[in-house]
Amino acid sequence: MEFMNLRAAARAAAVVAAMVIVTACQSPFTSPSLIQGRRFLAIVADPLESAPGGTVAFQALVVNADGTRFTGPIGWTVVGGDNLRLATGTNPLTSGAVVETPASEPYNWPVPATADLTSRYGAMEKNGLLLTVGALAFEPGNLFQGEPVGASIPAFGLFVVSNGGSSEPMSNPALERIAVLNAAGNELSPDAQGEVQTTDRKAFLHAITDDAGGDLSFAWFSTDSQFAPAEGAFQSFRPAGKGLYRVYCVLRRTYDFVHDDHTSTMITGIDWQTVAIRFE
């Protein structure tokens, strides 16, 4: 993975600026859990709290309207603070060095040494330096040669770089798998294609994690219009009809990053799993 030169980055920013305005004006989702079109479900920064000189791997969970994973290009940039995320309609690629990677691969960001880090992104606070990673999912195509790419989708994530003063650094939770159970309570195993098959009209889902630390929450997503998930790790799933359905669970753990002026910003650690269920 190589950084694009400034001319390429500027050309990319000019192309996507108009697209972000279109994205910002799209109608809201009918339901937060319903996958109706291409969208970001999560951005993971691993580790959530790193040290100067380390490496942070960013990966996006972007899905298509049919629930499959988006594999097109993702543009990434890192900026200081939280202002970029808070600015309505902001193009996340207008600041900082821009790279493009396939959505299925992580972007590995080398964290600068302390002197370079603070000169680029601002002074280190007592609890570290708050940074924003911006991402933009493009239609497949060579954006940087000016080819049409269609609408783009922006997303942002927050992470921290610190000198390791905390005894318990911020970290992502660990979601092991989603168990699918039939009406009798027996767990169903996936076939060679990775699909779980059932002749029942209803399946039961269990997001399994042995991570008990922090404030955990579970967000569930599916292409089924009747899916109305409750809070928590257990869900019942009765789709509208037969066929293949993909379900995603995003596990979140929240932290408060306390600034030197005693205000705070919420940081979210994330992990996810997915399962494909075929109702016959």
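Things to note:
- Which numbered condition GLY37 fails, given (1) of a type outside the set (S, T, N, Q); (2) at pLDDT 50 or above; (3) surrounded by fewer than 16 Cβ atoms within 10 Å (Cβ to Cβ); (4) under 27 Å from PRO110 (Cα atoms): (4)
- In the stretch 46-61 there is at least one residue that is modelled with pLDDT of 90 or more, closer than 30 Å to PRO239 by Cα and out of contact with any Pro (no Cβ under 7 Å at 6 or more places or on another chain).
- The single condition from (1) surrounded by fewer than 18 Cβ atoms within 10 Å (Cβ to Cβ); (2) touching a Cys at 6+ places or on another chain (Cβ under 8 Å) that PHE218 fails is (1).
- Failed condition for ARG278, given (1) more than 18 Å from the chain's Cα centre (by Cα); (2) in a strand (DSSP E or B); (3) closer than 30 Å to GLU49 by Cβ: (3)
- Test for ALA207: is it surrounded by 19 or more Cβ atoms within 10 Å (Cβ to Cβ) and not β-branched (Val, Ile, Thr): yes
- Pick from the stretch 47-57, criterion in a strand (DSSP E or B) and surrounded by fewer than 21 Cβ atoms within 10 Å (Cβ to Cβ), ranking: nearest to the chain's Cα centre (by Cα): ALA57
- Selection within the stretch 217-266 - touching a residue at least 12 places away in the same chain (Cβ under 8 Å) and among the acidic types (Asp, Glu): ASP224, GLU231, ASP260
- Residue among TYR255, TYR245 that is surrounded by 12 or more Cβ atoms within 10 Å (Cβ to Cβ) and more than 23 Å from GLN36 (Cβ to Cβ): TYR255
- Within the stretch 66-80, considering residues that are β-branched (Val, Ile, Thr) and surrounded by 15 or more Cβ atoms within 10 Å (Cβ to Cβ), the one farthest from the chain's Cα centre (by Cα): VAL79
The values are calculated or read from the model by the stated rules, or taken from the named source; none is laboratory data. Just so you know, these numbers come straight off a predicted model, no measurement behind them. So basically every Cβ, Gly included, is an ideal-geometry build from the backbone, and we count neighbours across all protein chains shown.
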